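Worksheet: one structure, shown below.
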Amino acid sequence: MAHVIGEKCVGERYAQCILVCPVEAIHPGTYKGEPFMTIDPDVCIACGACKPSCPLDSIYEDESLAGEWAAINKDLAPS
């Protein structure tokens, strides 16, 4: 099950999560015109390396707890 970045990240771009992801599943982008990091669920291996690196505690370990953000991350993931 892939990790998901949530609403606390909208408008922020700390990006420490990108640096620790061993499979390059996290990408910078925008959501509603604001900076936003996304996790590509097709690439994420759910290793958990990103979660402690997020100063906003915006990363969900369980897609079912992320609500609409799971779909948003999937929709915004690079093709």
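We did not get these values from a lab; they are worked out from the coordinates using the rules stated. No experiment lies behind these values; they were computed from the predicted model shown. When we count neighbours, we look across all protein chains shown, and the Cβ atoms used for this are built from the backbone with ideal geometry, even at glycine.
Take residue 53, project a point 7 Å from its Cα along the Cβ direction, then tell me which residues of region 8-30 have their backbone nitrogen under 11 Å from it.
In region 8-30, the label zone of residue 53 (backbone N under 11 Å from the point 7 Å along Cα→Cβ) covers 15-27.
Please work through the chain and write down the cysteines that have no neighbouring cysteine Cβ at a distance under 4.7 Å.
So far as the 4.7 Å Cβ criterion goes, 9, 21, 44, 47, 54 stand without a partner in the chain.
Could you tell me the relative contact order of region 18-65? Use alpha-carbon pairs under 8 Å, at least six residues apart, and round to a whole percent.
Here the relative contact order equals 30 percent.
Using modelled amide H (1.01 Å from N, peptide plane; none on Pro or chain starts), what sits under 5 Å from the amide H of residue 38, excluding residues fewer than 5 places away?
Hits under the 5 Å cutoff: 27, 29.
Determine the sum of side-chain charges near residue 1: Lys and Arg each +1, Asp and Glu each -1, restricted to other residues whose C-beta is under 10 angstrom from that of residue 1.
Here the count lands on -3.
From largest to smallest, what semi-axes in whole angstrom does the chain give when each is the square root of 5 times an eigenvalue of its alpha carbon gyration tensor?
15, 14, 12
Using a/c under 1.5 as the rounded threshold, could you call region 35-77 rounded, prolate or oblate? The axes a ≥ b ≥ c are square roots of the C-alpha gyration tensor eigenvalues, and prolate needs a/b larger than b/c, oblate otherwise.
It is rounded, given that a/c, with a ≥ b ≥ c, falls under 1.5.
Would you kindly derive the ³J(HN,Hα) couplings of region 56-61 from the backbone phi angles with the Karplus curve 6.51 cos²θ - 1.76 cosθ + 1.60 (θ = phi - 60°), listing them in order in whole Hz, with x for Gly and Pro?
Going residue by residue, I get 9, 6, 9, 9, 8, 7 Hz, with x marking Gly and Pro.
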